[in-house]
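Chemist: If you scroll down you'll find the structure; I have some questions about it.
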Amino acid sequence: MKILVTGSAGHLGEALVRSIQTAGNKAVGMDILDSEFTHKVGSIVDRDFVRHCIAANDAVIHTATLHKPHVASHTRQDFIDTNITGTLNLSEEAAQAGIRRFVFTSTTSAFGAALVPPEGAPAAWITEDVQPVPKNIYGVTKTAAEDLCQLFHRKQHLPCIVLRTSRFFPEEDDGGEIREMFTSENVKANEFLFRRVDLEDAVSAHLCALERAPEIGFGRYIISATSPFERRDLADLRTDSAAVVRQKVPQFEALYQRHDWRMFASIDRVYVNQQARDQLGWRPKYDFGQVIDQLDRGEAMGSQLAREVGSKGYHSEIFADGPYPVE
C-alpha cells in the first residue's frame with residue numbers, strides 16, 4: 001500500500017512515516033517544511049500541489065494542522081486556510097482520485113468547554129457522545145474539518161475515520177503554575193491516567209483506522225491511553241485524585257515518593273477509549289500502569305519511537321514565559 005502522510009515533519013507525521021516504512025509499505029511524506037521524512041514540500045492549501053501529491057497513492061493520513069500553540073501566534077484566517085481549506089482540498093482530491101482509505105487526525109481539544117465541569121461537579125466522562133463546545137479558533141476549525149470529512153463520506157462515499165487524539169507531544173505544559181509545581185516527566189506520567197497517549201500508540205491507532213476505514217465508512221474515535229478509572233470514581237477524582245489512584249495502582253505511591261513526584265490534587269476529566277478499542281481493534285500498549293512499571297525498572301517513560309522522534313517544538317522563537325505563547 002502507498003500512503004500519503006501530510007504533516008510529515010511533525011511529531012505524528014514523522015512517526016507514521018517511520019512506522020509505515022518499517023512495516024514494508026510505501027510512505028510519501030508531505031509537509032510545508034522539508035525534513036528527512038518529507039518527500040514533497042508544499043502546502044495543503046495549494047490545490048494543484050495536493051492533487052499532484054495524492055496521485056498514485058492508495059490511502060491518505062492527514063495529520064497536517066495548525067495546533068493550539070499557534071493560536072496566539074497565527075491569525076484566525078491562517079487556521080481557516082490550513083485546517084479547513086487544506087482538509088477540503090485533500091478530501092475533494094481524495095474522493096476524485098478514488099481513495100478508499102482516509103484518516104483525519106483531530107484532537108480532544110475539539111471538546112473545548114465540555115471538558116471542564118462546573119465547580120463542585122464530578123469529573124467529566126468524555127466519550128464520543130459528548131457534544132464539542134470549541135473555545136478557540138483551533139477547536140472551531142478542527143470540528144469543522146471533521147464535519148467536512150463526514151460530508152465527503154456521505155456525498156462522495158469517501159471512507160474516512162476521524163481520530164480525536166489526546167496529548168502526545170513531549171514539550172512542557174503551557175500552564176505556568178503546572179510547570180512551577182511539577183517536573184515535566186511528573187506531569188506526563190500523571191496525564192497517562194486520563195488525557196495522554198504515547199506516540200507509538202497514536203501511530204497504531206491511525207494504522208488500525210486505515211485498515212478498517214472501508215468497512216466502517218465514517219466514524220469518530222477518542223485516542224487516549226486506557227484509563228483505570230470508572231464512572232463511579234468521577235466525584236472523588238475532583239476532590240482527592242491521589243486516593244482514587246492509590247486504589248487503582250497502589251504501587252504508584254512509593255515510586256512517586258522515591259522520585260519526589262506528586263499526583264494532581266484534582267482530575268477534571270477522563271478520556272474514554274473504549275469505542276476505538278472495540279470498533280478499530282486498537283490495542284494501546286502504554287498506560288499509567290506501564291509507566292509505573294518502567295519507572296520501577298529505571299527505564300525512560302513511554303516508547304522508543306517517541307524518544308526517536310523527540311521534541312520538535314511549535315515555534316522557532318523561544319518565549320520567556322513558556323514553551324509557546326498562550327492566548
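Chemist: Nearest 20 debye, what's the magnitude of the dipole of the chain about its Cα centre given +1 on Lys and Arg Cβ and -1 on Asp and Glu Cβ? If you can, show how the numbers build up before the last one.
Modeler: Numbers: 36 positive and 45 negative charges, 196 e Å.
It works out to roughly 940 debye.
Chemist: Determine the equivalent ellipsoid of region 108-179 by diagonalising the alpha-carbon gyration tensor, then write out the semi-axes as square roots of 5 times the eigenvalues, largest first, rounded to whole Å.
Modeler: Working: eigenvalues 151, 52, 24 Å².
Taking √(5λ) for each Cα gyration eigenvalue gives 27, 16, 11 Å.
Chemist: Considering the options Ile54, Leu295, Phe182, tell which one lies farthest towards the positive end of the dipole of the chain, charges being +1 on Lys and Arg and -1 on Asp and Glu at the Cβ, about the Cα centre.
Modeler: Ile54
Chemist: Still on this structure, please answer the following. Run the paramagnetic zone check for Thr183: 7 angstrom along Cα to Cβ, then residues of region 244-266 with backbone nitrogen under 17 Å.
Modeler: 252-264
Chemist: Would you order Glu146, Glu171 from fewest to most other beta-carbon atoms within 10 Å of each residue's own beta-carbon? Could the numbers behind the result be given before it?
Modeler: Details: Glu146 22, Glu171 16.
With the fewest neighbours first, Glu146, Glu171 line up as Glu171, Glu146.
Chemist: Show me, for region 201-211, the HN-Hα J-couplings you get by feeding each phi into the Karplus relation (A = 6.51, B = -1.76, C = 1.60, θ = phi - 60°), rounded to Hz, glycine and proline as x.
Modeler: 5, 4, 4, 4, 5, 5, 6, 4, 5, 4, 5
Chemist: Sticking with this one: Once you keep just the Cα pairs under 8 angstrom separated by 6 or more residues, what percentage relative contact order results for the chain?
Modeler: So the answer I get is 19 percent.
Chemist: How long, wide and thick is region 144-188, going by the Cα atoms along their three principal axes, in whole angstroms, largest first?
Modeler: For region 144-188, the Cα extents along the three principal axes come out at 50, 16, 10 Å.
Chemist: In addition: What would the Debye formula give as log10 I(q)/I(0) at q = 0.06, 0.07, 0.13 Å⁻¹ for the alpha-carbon point model of the chain, no solvent?
Modeler: -0.20, -0.27, -0.97
Chemist: A further question on this structure: Could you work out how far the C-alpha centroid of region 106-137 sits from that of region 226-302, in angstrom?
Modeler: A separation of 20 Å, based on Cα centres.
Chemist: Using helices alone, I'd like the mean residue ellipticity at 222 nm for the chain: each DSSP H run of four-plus residues gives -39500 (n - 2.57), total over residue count, nearest 500. Present the calculation step by step, with values, prior to reporting the outcome.
Modeler: Working: 14 runs with 131 residues, N = 327.
Estimated from H runs of four or more residues: -11500 deg cm²/dmol.
Chemist: Can you list the residues, at least 5 places off or on another chain, whose amide H is less than 5 Å from the amide H of Thr107, using H built in the peptide plane?
Modeler: Under 5 Å from the amide H of Thr107 lie the amide H atoms of Thr165, each far enough along the sequence or on another chain.
Chemist: For the chain, compute the number of Lys pairs whose alpha carbons are separated by less than 23 Å, excluding pairs fewer than 8 positions apart on the same chain.
Modeler: 14
No lab work stands behind these numbers, since they all come straight from the coordinates. In this text the structure is predicted, and so the values were computed from the model without any measurement. Cβ atoms come from the backbone with ideal geometry, glycine included; neighbour counts cover every protein chain shown.
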